[in-house]
Amino acid sequence: MAFQLPPLGYDFAALEPHIDARTMEIHHGKHHAGYTNNLNNAINGTDLEGKSIEDILANISQHSAAVRNNGGGYYNHDLFWKVMSPNGGGAPSGDLAAAINAACGSFDGFKDEFSKAAATRFGSGWAWLVVMADGSLKVSSTPNQDNPLMDLAEVKGTPILGIDVWEHAYYLNYQNRRPDYINAFFNVVNWDEVAKRYAAAK
Ligand code: MN
């Protein structure tokens, strides 16, 4: 069974004005579709066929650059669409809020740390909120389409929130103003989904 492009779950325009419809349409329909197709092409006829994406990423250092780039791109965008919602924004609550406070001092402290990780990632990549092996949370960033599930990541764990800071994620609307895009992202974060992922991972 080949990997399938997951549906967005909301309209292209649903995240406006924070993320514009044209960016969403190209990002999902061209970029994410491309990673999905290229991942399938890269594993077709190999022993990776039929493995879960998590299994593939956990041993990514043993696989080709095509599997690393497109497997990461496939997984990262699926998470990205799901941790955003037209009804997003606000702040986390409950266990997740407590864990964020423990890791970053406060929700504002988390926003500062996450925004800095996203803004200072040179070139293309992602910033993450990661559940570590001991259940604690950590902010990190990775280059290109790498992610914390990969065995070669500097900070290894389970990503529960991620922001794409490739220019294709924001350039049409924000041009070079990556920090404005990062600020806007907080208005669409689906904290219920992040909390669900935190509960499953810790
Ligand atoms: Mn992207």
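Here L172, L149 are screened, and the one residue that is part of a loop (DSSP other than H, G, I, E, B), touching a residue at least 60 places away in the same chain (Cβ under 8 Å) and among the hydrophobic types (A, V, I, L, M, F, W, C) is L149.
To keep it simple, each residue is scored yes or no on (1) aliphatic (A, V, I, L, M); (2) within 16 Å of the ligand (Cβ to nearest atom); (3) open to solvent by less than 20 Å² (accessible area, probe 1.4 Å); (4) touching a Pro at 6+ places or on another chain (Cβ under 9 Å).
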| position | (1), (2), (3), (4) |
| --- | --- |
| G125 | no, yes, yes, yes |
| V130 | yes, no, yes, yes |
| R177 | no, no, no, no |
| V189 | yes, no, yes, yes |
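Can we say K156 is out of contact with any helix residue (DSSP H, G or I) (no Cβ under 9 Å at 6 or more places or on another chain), open to solvent by 50 Å² or more (accessible area, probe 1.4 Å) and of a type outside the set (A, V, I, L, M, F, W, C)? Criteria met by K156.
The values are calculated or read from the model by the stated rules, or taken from the named source; none is laboratory data. Given the structure is predicted, the values throughout are model-derived calculations rather than measurements. Every residue, glycine among them, receives a Cβ derived from its backbone with ideal geometry; neighbour counts consider all protein chains shown. Surface areas here come from the heavy atoms of the whole protein model, side chains and all, with no ligands, DNA or RNA. Shrake-Rupley method; radii C 1.70, N 1.55, O 1.52, S 1.80 Å.
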